[in-house]
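See structure below.
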Protein chains: 4
Amino acid sequence: MFIRFVTTGGTIDKIYFDAMSQFEVGDSQVKHILTEGLANIDYDIVSMFRKDSLDMTDDDRQKLKEYIESDDAERYVGTHGTDTMVATAEVLARIPNKTIVLTGALSPARFKTTDAVFNVGMAVAAVQTVKPGVYLAISGQVFEAGKVRKNREENCFEKIS
Amino acid sequence: MFIRFVTTGGTIDKIYFDAMSQFEVGDSQVKHILTEGLANIDYDIVSMFRKDSLDMTDDDRQKLKEYIESDDAERYVGTHGTDTMVATAEVLARIPNKTIVLTGALSPARFKTTDAVFNVGMAVAAVQTVKPGVYLAISGQVFEAGKVRKNREENCFEKIS
Amino acid sequence: MFIRFVTTGGTIDKIYFDAMSQFEVGDSQVKHILTEGLANIDYDIVSMFRKDSLDMTDDDRQKLKEYIESDDAERYVGTHGTDTMVATAEVLARIPNKTIVLTGALSPARFKTTDAVFNVGMAVAAVQTVKPGVYLAISGQVFEAGKVRKNREENCFEKIS
Amino acid sequence: MFIRFVTTGGTIDKIYFDAMSQFEVGDSQVKHILTEGLANIDYDIVSMFRKDSLDMTDDDRQKLKEYIESDDAERYVGTHGTDTMVATAEVLARIPNKTIVLTGALSPARFKTTDAVFNVGMAVAAVQTVKPGVYLAISGQVFEAGKVRKNREENCFEKIS
């Protein structure tokens, strides 16, 4: 079973640059997380964007969709900023016969305390166990695209009916 | 969706006691991992044993099986030592109509570098997405009970056919 | 031996706010660092500012100087942003008969990889061992005020002769 | 200013071997700690023993003393198990004209929560600021050899008068 990871940026990969007293999207933390998680799986990592998800455009989402559609893998884990993860999932949901799980983090993977490792663990399990479709793995849950929203006040994701 | 965590000990919960220059099974790290993972789920944690899995007896496995059989939840995540996780899964596999995912760690959750967080994340996702049965979530994979072994030389779990 | 910690902000205490995709100075990490360091010392912590050091004004430095001058402790550890730590040290150097050690971090204490813990450890040792005066404890060294500069290219502190 | 680190084992370097469900003294963590602490200093690391300090013999202490006496550096930081650090310091105290600071940890450096980084930070600052002699840097304090004991009940070091 092969998993292709596609990284697009977001909080999960944020790094802090002291020189400018600001942080930006840094290198993807996926490989580091899989290594620490002792994941004995067949995978590769494709870096597509390095963006805050608020900066992801409709064009970016289209590019991501076209990339996955024309690519030959069956299972994808996408890392993505949390603010527009729901919107991207809805665009990807039109792709048939592929299993795509989006995840990300509310706190950067480089922090001592972060949800990134737990979330990537969830995504890796979900992409192996769910039937083809598009899902979000975050907030301790596996959501289907179109049935989830980010609750900004509570800073978590929740099911919508 | 409610998840009941049942802890039995193992490396995942190992703690080091300097006074005796040895380590033992400490408090379960599951609550800490779920909190850090920002898991917004309905759950509780039952502490059943605090044993190295090499010290788990057939009686212990029977007790665990009877507890889950007679208990009212539908979904369980069990934390367990890696050395006999496979054997325990096979005993639990006789329980009908419940979803049980065992996980653990090769490196203690209290270490800086540990597979515990990733593995619990995998188990939480798996217990929500698989059909009733008994599974292992470890080494980056979700295995069915009876179709997995621990490869001691490689220090990982692998599918058997 | 009593040590008074005075916190002024800086990278050491930076926290990330996902909601606004930015970070700000958060609660001081000094108490957390001393607890983890198993420091068995008599101390308290006074929070004076929560500023990036580029935002520290001459007025702020004057206030800090007056606070320490009129205060009754003999030994101080000040946490401070790295960009103007050298300037603040020079203002404080006019205070007689007190031992003051400034420290901070180039990477936030909340990061997995940070120089904050090491630096606070250095400051705590230095404030107990040096004679009265003002010092910087950072970059693995203990510098006297007036004989140190931040090398921005190398992102470290170095002695000037 | 050059610092020679001499490692002898102890809790600071403990690692856990899952295969045997036990832990042993692993590679020294000093280089890792100095790198993370962004220590911009001239140093090297000599590995002398890999022992629990309860296993250090009088012969071992004599070897360590002879090594430092005949070696050409002026400043040493020694990492050492906490149980007999006090005894080793008293043997080394007979060496004239060298500055030697012993440190270690009550919790392994490889743990998420450890006093190792703080303690090595203290030792690095102390070895630069104290006059020649032998010291312990631990429990948030810098102690002179011969004036300190380990309080086993409280699991900390304290001054004796």
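Read the figures in this text as sums done on the coordinates, not as results from a lab. Worth saying up front: this structure is predicted, and the values here are computed from it rather than measured. Note: ideal-geometry Cβ built from the backbone for every residue, glycine included; neighbour counts use all protein chains shown.
Please name which of D:105, D:127, D:82 has its Cα lying farthest along the dipole of chain D towards the positive end, using unit charges on Cβ (Lys, Arg +1; Asp, Glu -1) and the Cα centre as origin.
D:127
With a cut-off of 8 Å between alpha carbons and a minimum separation of six or more residues, what is the relative contact order of chain A in percent?
Taking the mean separation of contacting Cα pairs over the length of chain A, I get 24 percent.
Roughly how big is chain C's charge dipole about its Cα centre, with Cβ charges of +1 (Lys, Arg) and -1 (Asp, Glu), in debye to the nearest 20?
It comes to approximately 360 debye.
Restricting to DSSP H runs of at least four residues, report the calculated mean residue ellipticity at 222 nm for chain D, -39500 (n - 2.57) per run over all residues, nearest 500 deg cm²/dmol.
-8000 deg cm²/dmol
List, in order, the whole-Hz ³J(HN,Hα) value for each residue of region B:36-42 obtained from phi through the Karplus relation with A = 6.51, B = -1.76, C = 1.60 and θ = phi - 60°; use x for Gly and Pro.
Each residue of region B:36-42 in turn: 5, x, 6, 6, 9, 10, 8 Hz.
Please list the helices of chain B that count as membrane-span-like by this rule: a mean Kyte-Doolittle hydropathy of at least -0.5 together with Cα atoms stretching 27 Å or more along the helix axis, each helix being a complete DSSP H run.
Within chain B not a single helix satisfies the rule.
Which distances, shortest first and in nm, link residue D:159 to the matching position in the other copies, using label points set 7 Å out along Cα to C-beta?
Its label point is 2.9, 6.2, 6.6 nm from the equivalent points in the other copies.
List the distances, in nm and shortest first, from the label point of residue A:93 to the matching label points in every other copy, placing each point 7 Å from Cα along the Cα-to-Cβ direction.
3.7, 6.5, 7.4
What gaps in nm, shortest first, separate residue D:63 from its twins in the other copies when you place the label 7 Å past Cα toward the beta carbon?
Between copies, matching label points for residue D:63 lie 4.6, 5.9, 6.1 nm apart.
What ranking do D:1, B:48, A:122, D:85 get, fewest neighbouring Cβ atoms within 10 angstrom at the top?
If I rank by nearby Cβ atoms, fewest first, I get D:1, B:48, D:85, A:122.
For the rotation that brings chain B onto chain C, whose beta-carbon in chain B is nearest the axis, and what is that distance in whole angstrom?
Closest Cβ on chain B to the axis mapping it onto C, in Å: B:112, 4.
Give the average, rounded to an integer, of partner chain Cβ atoms located within 10 angstrom of each Cβ in C:122-135.
Counting Cβ atoms of other protein chains within 10 Å of each residue's Cβ and averaging gives 6.
Tell me whether region C:1-78 comes out rounded, prolate or oblate; compute the Cα gyration tensor, take square roots of the eigenvalues as a ≥ b ≥ c, and use a/c under 1.5 as the rounded threshold.
Verdict is oblate for region C:1-78.
What residues have an amide H closer than 5 Å to that of residue D:148, excluding those fewer than 5 places away on the same chain, when H is modeled at 1.01 Å from N in the peptide plane?
HN-HN under 5 Å from residue D:148: D:160.
With N set to the number of residues, divide the alpha-carbon radius of gyration of region A:66-161 by 2.2 N^0.38 Å and report two decimals.
Rounded to two decimals, the normalised Rg is 1.03.
Can you give me the long-range amide H partners of residue A:50? Hydrogens built in the peptide plane at 1.01 Å from N, cutoff under 5 Å, separation of 5 or more residues or another chain.
Close amide H contacts, sequence-distant or interchain: none at all.
Just how large is the dipole of the protein assembly as shown about the Cα centre, in debye to the nearest 20, putting +1 at every Lys and Arg Cβ and -1 at every Asp and Glu Cβ?
Computed about the Cα centre, the dipole is about 0 debye.
List every residue whose amide H lies under 5 Å from the amide H of residue B:130, counting only residues 5 or more places away in sequence or on a different chain, with H placed 1.01 Å from N in the peptide plane.
Here nothing satisfies the definition.
Neighbouring Cβ atoms within 10 Å as the yardstick, rank C:110, B:152 fewest first.
Neighbour counts put them in this order, fewest first: B:152, C:110.
Per residue of region D:48-53, in order, report the coupling 6.51 cos²θ - 1.76 cosθ + 1.60 (Karplus, θ = phi - 60°) as ³J(HN,Hα) in whole Hz, putting x for Gly and Pro.
Rounded to whole hertz, the list is 9, 9, 9, 10, 4, 5.
Which residue, A:13, A:83, A:72, has the most motion in a Gaussian network model of chain A that connects Cα atoms within less than 10 Å?
Among A:13, A:83, A:72, the largest mean-square fluctuation in the Gaussian network model of chain A belongs to A:72.
Assign one of three labels to region B:1-141, namely rounded, prolate or oblate, based on the Cα gyration tensor with a ≥ b ≥ c the square roots of its eigenvalues; rounded applies when a/c is under 1.5, prolate when it is not and a/b is larger than b/c, and oblate otherwise.
Oblate is the answer for region B:1-141, as a/c is 1.5 or above yet b/c matches or exceeds a/b.
Give the shape of the protein assembly as shown as rounded, prolate or oblate, defined through the alpha-carbon gyration tensor: a ≥ b ≥ c are the square roots of its eigenvalues, a/c under 1.5 means rounded, and otherwise the shape is prolate if a/b is larger than b/c and oblate if not.
oblate
How big is the dipole moment of region B:1-86 about its Cα centre under a simple scheme where the beta carbon of each Lys and Arg is +1, that of each Asp and Glu is -1, and everything else is neutral? Debye, nearest 20, please.
140
If I model a spin label as a point 7 Å beyond the Cα along the Cα-Cβ vector, how far apart are those points for residue A:74 and residue C:158 in nm?
About 5.8 nm separates the two model spin labels.
Of D:98, D:131, how do they rank once you tally other Cβ atoms within 10 Å and put the fewest first?
Result, fewest neighbours first: D:131, D:98.
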